[in-house]
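A short reminder: the numbers here are calculations on the coordinates, not readings from a lab. For clarity, every value in this text was computed on a predicted model and none was experimentally measured. Here the Cβ is made from the backbone with ideal geometry for all residues, glycine too, and neighbour counts use every protein chain on show.
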Amino acid sequence: MSRFYITTPIYYVNDAPHAGHAYCTVNADALARFHRLRGDETFFLTGTDEHGQKVADAAAANGVSPQEWTDRTSARFREAWTALNINFDDFIRTTEPRHAVAVQSFLTKIYDNGYIYKDTYVGQYCVSCEDYFTAESAPEGTCPIHGKPLTEMEEENWFFQLSAFQDRLLEWYDATPGNVTPSTKRNEALGFIKGGLRDISITRTSISWGVPVPWDSDHVFYVWYDALINYLTAIGYGTDDARADSWWPSVNHLIGKEIIRFHCVWWPAMCMAAGIEPPAHVQVHGWLLVGGQKLSKTMAQQGQVRLTDIQPQALVAEYGVDPVRYYLLRETPLGTDGDFSLEALVQRYNTDLANNLGNLAARVATVVGSKCGGLSPAVPMDSVLAERAAVAVDAAAAAWENFQPHLALEATWKLIGDTNGFLEDNAPWKMEPGAEVEAVLGSALEALRIVTVLVSPAMPATADEIWRRLALDGTPTSVPLATATAWGQFPSGRAVVKGDPLFPRLATA
Ligand code: MSP
């Protein structure tokens, strides 16, 4: 059995979750669900990044302690993920004791290996990024991401000797062509490395909200340096090393494009410095934009976008969980930027869900009711839909495996379209009850059963509901994909139920 370890970034708790975070988390969840369905031993990690200046500032601005603030905001992420039916295996908070253990043992290894030293650093800092900028990267003295003035910071800090890893990183990139996808983003990461690497300041004395440095009690670790290690904490690094060894380095980090440098340059170098393998795969995604602007918490606070309109829970309350999940997965491929719009969501809902999937499920049940007494007929082994289903299963599986949920859904919807087309061509509603109509409906029911399995990573609740209406045993995910999608399994004599419309059409503006 293969194993599949997937992570989202851990989200800052300076404010509430929004649709951009939902985009990443829903994609990771659907990928994890696909791998579980395929029979892989799967571990899906998400969580919250709770240290650093930005979070300490948010707590102070709200008049509460950092711990109280992080407890409150981390809970909001959990609530959002519950609303979106996110089935994570672990939710890590970087303020947990297990994380301090992992960070301290990982960084002590790097220290003992001689890659950490003390020096004074003066630089231009953006608190929103929790990052320094150079005169080249921020020529105007303002942050290129947040547009805010940078602050000059001078600190005596501990440094990580990133510059020592330039050649090793380049060798690693050479040896592992698939380590960062898509290739455009891989080239960007390579560009950072080839452009020259400067050592990085990894501790702070200006704040105390962080993991203490074990060898120097005046310092806490810089938030990014502690955050990346979460991916090891959750698999037991420092607390259950045998377990950590069994999962690492076969990991897939799903991340947004602005944190490439941290994940594709710093993190592999940190792993090398600590004497472990770098992460096997980083999949980069773009940003969801509203009217061409990034949907970010910081900009929302400045009133540039109205994020209150696009909080995950509000979307789910308005459109239902599976339409929101479907829209996020189907509309924007992993790797490119996408426009987030309610018009496009409603369009996808009415076209793909109401007209195609919902209509297929309803019409099959209706005709089984009128022509077969409501009972499923036997599945003919020789059916044009058997071939179509096999093509769709292969294409969808390959797309999920390649981190292309939008293509997996496109292949699945092709089978839905083929099945609807098959019904229109044969018009079973015009046939007399008998062998001919039974053959048509037996094929259509079996195709719908396979569609339901294929839909399940994206829309688990809808898949369960269709399965129930089809009166099938177990659930769409109770047997592995390869077995579940083999043609010819729909048992005859099942009492198929039509039920209420799965996706009542929405009014368009
Ligand atoms: N805490 C760091 C990550 C540490 S991982 C070791 C962080 N947090 S964040 O909350 O600012 O962003 C988390 C993720 O959300 C990033 O991958 C980012 O790209 C993603 N998104 C934030 N806004 C987004 C959009 N508008 N669209 C898509 N994803 C975006 O960075």
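Using Cβ point charges alone (K and R +1, D and E -1), the dipole size of the range 3-285 about the Cα centre works out to roughly 840 debye. Projected onto the charge dipole of the chain (+1 at Lys/Arg Cβ, -1 at Asp/Glu Cβ, origin at the Cα centre), which of 427, 229, 126 gives the Cα projection farthest towards the positive end? In the chain, that residue is 427. Taken over the chain, lysine pairs spaced eight or more positions apart, or on distinct chains, with alpha carbons under 26 Å apart number 23. Here the relative contact order of the range 418-487, from alpha carbon pairs under 8 Å that lie six or more residues apart, stands at 25 percent. Peptides 363-373, 166-176 ranked from most to least packed give 363-373, 166-176, packing being the mean of other C-beta atoms within 10 angstrom over each peptide's residues. The H on the amide N of residue 288, modeled in the peptide plane, is under 5 Å from the matching H of 295, 338, each at least 5 residues off or on a different chain.
Taken as Cα centroids, the range 183-247 and the range 51-112 sit 14 Å apart, rounded to the nearest whole angstrom. Reported to the nearest whole Å, the Cα centre-to-centre distance from the range 445-481 to the range 365-420 is 11.
Per-residue 3J(HN,Hα) values for the range 227-233, derived from phi via the Karplus relation 6.51 cos²θ - 1.76 cosθ + 1.60 with θ = phi - 60°, read 4, 4, 6, 3, 5, 8, 3 Hz in sequence order (x marks Gly and Pro). Amide H contacts of residue 156 (H built 1.01 Å from N, in plane; Pro and chain starts excluded): 121 sit under 5 Å, all sequence-distant by 5 or more or on other chains.
Magnitude of the charge dipole for the range 342-484, about its Cα centre and with charges confined to Cβ atoms of Lys, Arg (+1) and Asp, Glu (-1), is about 320 debye. Each Cα pair under 8 Å and six or more residues apart adds its separation to the average, and for the range 132-272 the resulting relative contact order is 22 percent. Sorting the segments 422-431, 454-463 by their mean number of nearby beta carbons within 10 angstrom, highest to lowest, gives 454-463, 422-431. Amide H contacts of residue 143: 148, 150, each under 5 Å away and 5 or more positions distant or on a separate chain (H built 1.01 Å from N in the peptide plane; Pro and chain starts excluded). For residue 478 and residue 391, the FRET efficiency from 1/(1 + (r/R0)^6), where r spans their Cβ atoms and R0 equals 30 Å, is about 0.80. Descending by average beta-carbon neighbour count within 10 Å, the peptides 74-85, 44-55, 473-484 line up as 44-55, 74-85, 473-484, the highest first.
Beta-bridge orientation, the chain: approximately 50 percent antiparallel, per DSSP, counting only bridges with both partners inside.
Under the convention that each Lys and Arg Cβ holds +1 and each Asp and Glu Cβ holds -1, the size of the dipole of the chain around its Cα centre is about 1080 debye. For the chain, 24, 264, 271, 372 stand unpaired, since no other cysteine beta carbon lies under 4.7 Å from theirs.
When 86, 110 are sorted by how many other C-beta atoms sit within 10 angstrom of their C-beta, beginning with the fewest, the order is 110, 86. Cβ-Cβ distance of residue 498 and residue 62, R₀ of 56 Å, FRET efficiency by 1/(1 + (r/R0)^6): the value works out to about 0.65. Its relative contact order, with pairs defined as Cα atoms under 8 Å and 6+ residues apart, puts the chain at 16 percent.
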